[in-house]
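Report on one structure; see the data block that follows.
Values in this text are rule-based calculations from the coordinates and carry no lab data. Note that the structure is a prediction, hence the values are computed from the model and not measured. With ideal geometry, Cβ positions are generated from the backbone for all residues, glycine too; neighbour counts draw on all protein chains shown.
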Amino acid sequence: MRIVKWSAEAKADFNSILGFILQNWSEKEAENYMGEIYKLVHIIENDNVDFKKTRFKNIRVAVISKQISIYYRIHSKSKIEIIRIWDNRQNPSKLYK
């Protein structure tokens, strides 16, 4: 099992997207969003699976849906950091700032 930590940016992304869903959709949609995020984090934490490589060293991306992806950094075999929960509809150049 790996230790998974969340960056401040990832926490802010999660809360921002959740707020948007609650404001514009339904509580059920918000629950689905949270469930998908937590399910993927659980897979990263427990199943020793690494998703698609990015152009940056030790950074991987896991697509949750066409709207949302999780970017994470592999620090070691036992330590992972969730660095962004990304709304794929945003300008990608913002991601790399």
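Structure data summary
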| quantity | calculated |
| --- | --- |
| FRET E, pair Asn88, Asn48, Förster distance 25 Å, beta-carbon r, rounded to 0.05 | 0.45 |
| Identified option (computed Cα extents along the principal axes in Å; candidates (1) 50, 49, 18; (2) 76, 30, 23; (3) 39, 30, 22) | (3) |
| Distance in nm between pseudo-label sites at Ala8 and Tyr38 (7 Å out along the Cβ direction from Cα) | 2.6 nm |
| Cα-based reach from Lys52 at 26 Å (exclusive), listing lysines while leaving out same-chain residues under 8 positions away | Lys5, Lys11, Lys39, Lys66, Lys77, Lys79, Lys94, Lys97 |
| Tilt relative to the chain, helix 27-46 - C-alpha long axis, 0 to 90 degrees, to 10 | 0 degrees |
| Ser69, Ser76 arranged by Cβ crowding within 10 Å, fewest neighbours leading | Ser76, Ser69 |
| C-alpha long axis of helix 8-24 to longest principal axis of the chain, angle in ° | 20 degrees |
| Dipole moment magnitude, nearest 20 debye, the chain about Cα centre, only Lys, Arg, Asp, Glu C-beta charged | 640 debye |
